[in-house]
Amino acid sequence: MVFDFLQPVSDELMSYIASLSSQTLGRKAVFNTTKDFPNLENIDVAIITINEYRGNLETNTADEDFLNFRKHFYGMFPGNWNVAIADLGTIQAGASVEDTYFMVKSVSEDLLREQIIPIIIGGSQDLTYAMYRAYDNIDQLVNLTSVDSQFDFAKENNLPSQSFLSKIIVEEPNNLFNFCNIGFQTYYNSQEEIDLIEKLYFEAYRLGEVSVNLALAEPVFRDADLVSMDMTSVQSSYSGNFSNFMPNGFSGKEICALARYAGISDKVSSFGIFNFIPTPKEVVLVAQMAWYFIEGVAFRSNEYPFGVKANYLKYIVPIEEEELVFYKSDKTGRWWIEIPFISNVNNKLKRNTLLPCSYEDYLASCEGEIPERWWKAQRRNVF
C-alpha cells in the first residue's frame with residue numbers, strides 16, 4: 001500500500017494534543033499513529049511533511065517528524081469552518097532523491113484520486129516536480145503557480161531545487177499548460193530566463209507589483225491546479241530564517257493572504273510549502289500559512305468549472321477583430337474571460353474554456369486594450 005511509505009506522527013505529539021482544548025485543530029483532526037491509520041473517507045485535506053533537503057545539497061532536518069510545526073499548527077483554533085483534516089505523518093528521505101520523488105508522486109496521486117487535497121510541507125522545492133508528476137495518470141493539463149523569488153530554470157550550478165522547472169517543461173509526458181511565478185526578484189534571475197518566460201507565454205509578476213496589489217494574484221490562483229510556495233520568497237525578518245538571509249520578500253501577512261487565495265480557488269488540488277527549516281521561529285509562520293490555506297478551502301464557492309453559465313452575467317466587448325466574452329458571477333462578483341476553441345488548428349484545450357480574470361481586465365478591454373493573460377492563454381492553446 002502506498003501509504004506504507006509514511007512515518008506515523010510521534011507519541012509525544014499525540015500526548016501533547018490530548019492536553020489541548022477540545023476546540024483546537026488538533027482535537028478535530030485524525031492522525032496516522034503508531035497504532036492506527038485514519039479512515040480517509042470524507043477527508044478534505046491531508047497534511048504530509050517531507051524530510052528531504054538534498055535538492056539544496058543540505059542535510060535533512062534534525063526535527064525528523066516536524067514536531068514543532070505540528071505543535072504550533074494543532075494548537076490553533078479553526079475559524080467558523082469545518083474542514084476535515086488528516087495528518088498522514090512524514091515521508092523520510094529515500095535512498096536517493098528519485099526514491100523520494102516516487103514516494104511523493106505516489107502518495108499525492110492516491111490522494112488526488114480520492115479528491116483529497118495534499119498539503120506537502122518541508123523539503124526543498126524540487127519536490128514540486130514530484131507533485132506535478134502525480135497528475136500524469138489523471139489525464140488533465142496542469143497549471144502550476146509558484147510563489148518564489150526566482151524561476152528555477154536550469155542554472156550553471158544546477159541544484160535540483162533551482163532547476164526543477166526545466167525538468168517539468170522538457171520531460172514527457174508534458175502535461176503543463178501554464179506556469180506562473182508570483183513574487184520574483186529581478187536580480188535573482190538572468191535576462192535570458194526572463195525572456196524565456198515571455199517566449200513560452202508563461203506569466204510572471206514581480207515582488208513589488210504584487211506587494212502593492214495582492215488582488216493581482218487572485219485570478220492566477222483561481223486558475224492553478226498546483227501551488228508551490230518557497231519560504232525564501234518571505235523576508236527573513238518575518239520568516240525568522242536568517243541562515244539564508246532574504247532582506248526583501250513578502251511580509252508574513254502577505255504570504256498568508258496569498259495562501260488563502262490559493263485555498264479559496266475552486267481549482268487548486270495540491271499545495272506545497274518548501275525550503276522550510278523547522279526552527280522555532282519559522283514554524284510559527286508556516287503553521288499560520290497552512291491555517292490560512294485551509295480556511296480558504298472552507299470558503300470555496302464551487303463556481304466555474306462546477307457551476308452553470310446561467311448563473312453568470314455575460315458581457316461581450318468588440319475589440320479590433322475580436323469579440324471578447326466576459327462572464328461575471330452573480331454569486332461572488334468574480335470575473336472570467338472566454339478562450340475560444342479554434343476549429344481549424346490544433347488546440348491543447350478541447351473546448352471553449354473560461355480563464356479567470358479581474359474587473360480591471362474588463363474595464364481595460366472596454367478601452368480597447370486586449371488583456372495580456374488572455375492573449376498569452378490563446379498562444380499557449382494553439383500548437
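The values are calculated or read from the model by the stated rules, or taken from the named source; none is laboratory data. Keep in mind the model is a prediction, meaning the values are calculated, not measured. Counting neighbours? That spans all protein chains shown, and the Cβs are built from the backbone with ideal geometry, glycine included.
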### Residues (modelled with pLDDT of 95 or more and assigned to a loop (DSSP other than H, G, I, E, B)) located in segment 43-65
ILE43, ASP44
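Would you check if ILE17 is of a type outside the set (Gly, Ala, Ser) and either part of a loop (DSSP other than H, G, I, E, B) or under 30 Å from TYR101 (Cβ atoms) (or both)? Walk me through it before giving the result.
On the way: of a type outside the set (Gly, Ala, Ser): yes; either part of a loop (DSSP other than H, G, I, E, B) or under 30 Å from TYR101 (Cβ atoms) (or both): no.
Here the answer is no, as ILE17 does not meet what is asked.
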### Query
Within segment 87-95, can one find any residue that is crowded, with 16+ Cβ neighbours inside 10 Å, within 19 Å of SER228 (Cβ to Cβ) and charged (D, E, K, R)?
no
### Query
Scanning segment 96-135 for residues that are part of a loop (DSSP other than H, G, I, E, B) and of a type in the set (S, T, N, Q), which turns out surrounded by the most Cβ atoms within 10 Å (Cβ to Cβ)?
GLN125
### Filter result (more than 16 Å from the chain's Cα centre (by Cα) and either at negative phi or small (Gly, Ala, Ser) (or both)) within segment 134-160
ASP136, ASN137, ILE138, GLN140, PHE153, ALA154, LYS155, GLU156, ASN157, LEU159, PRO160
### Query
Looking at segment 1-57, which of its residues are among the charged types (D, E, K, R) and either in contact with a Lys or Arg (Cβ under 8 Å, 6 or more places away or on another chain) or touching a residue at least 60 places away in the same chain (Cβ under 8 Å) (or both)?
ASP44, GLU52, ARG54
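Looking for whichever is at pLDDT below 80, within 27 Å of the chain's Cα centre (by Cα) and polar (S, T, N, Q) here; the options are ASN347, ASN302, ASN311. Which one fits? Working first, answer last.
Details: ASN302 fails: at pLDDT below 80; ASN311 fails: within 27 Å of the chain's Cα centre (by Cα).
Of the residues listed, the single one that is at pLDDT below 80, within 27 Å of the chain's Cα centre (by Cα) and polar (S, T, N, Q) is ASN347.
Is it fair to say SER96 is in the same structural domain as SER161 (by TED's automatic domain parsing), at pLDDT below 95 and among the polar types (S, T, N, Q)? Full working, then the answer.
Values: in the same structural domain as SER161 (by TED's automatic domain parsing): yes; at pLDDT below 95: yes; among the polar types (S, T, N, Q): yes.
Yes, satisfied.
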### Message
One residue is enough: does segment 84-93 have a residue meeting the conditions under 19 Å from ARG260 (Cα atoms) and assigned to a helix (DSSP H, G or I)?
### Response
no
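Kindly indicate whether VAL286 is modelled with pLDDT of 90 or more, β-branched (Val, Ile, Thr), in contact with a Pro (Cβ under 9 Å, 6 or more places away or on another chain) and buried (at least 21 other Cβ atoms within 10 Å of the Cβ).
Numbers: modelled with pLDDT of 90 or more: yes; β-branched (Val, Ile, Thr): yes; in contact with a Pro (Cβ under 9 Å, 6 or more places away or on another chain): yes; buried (at least 21 other Cβ atoms within 10 Å of the Cβ): yes.
Yes.
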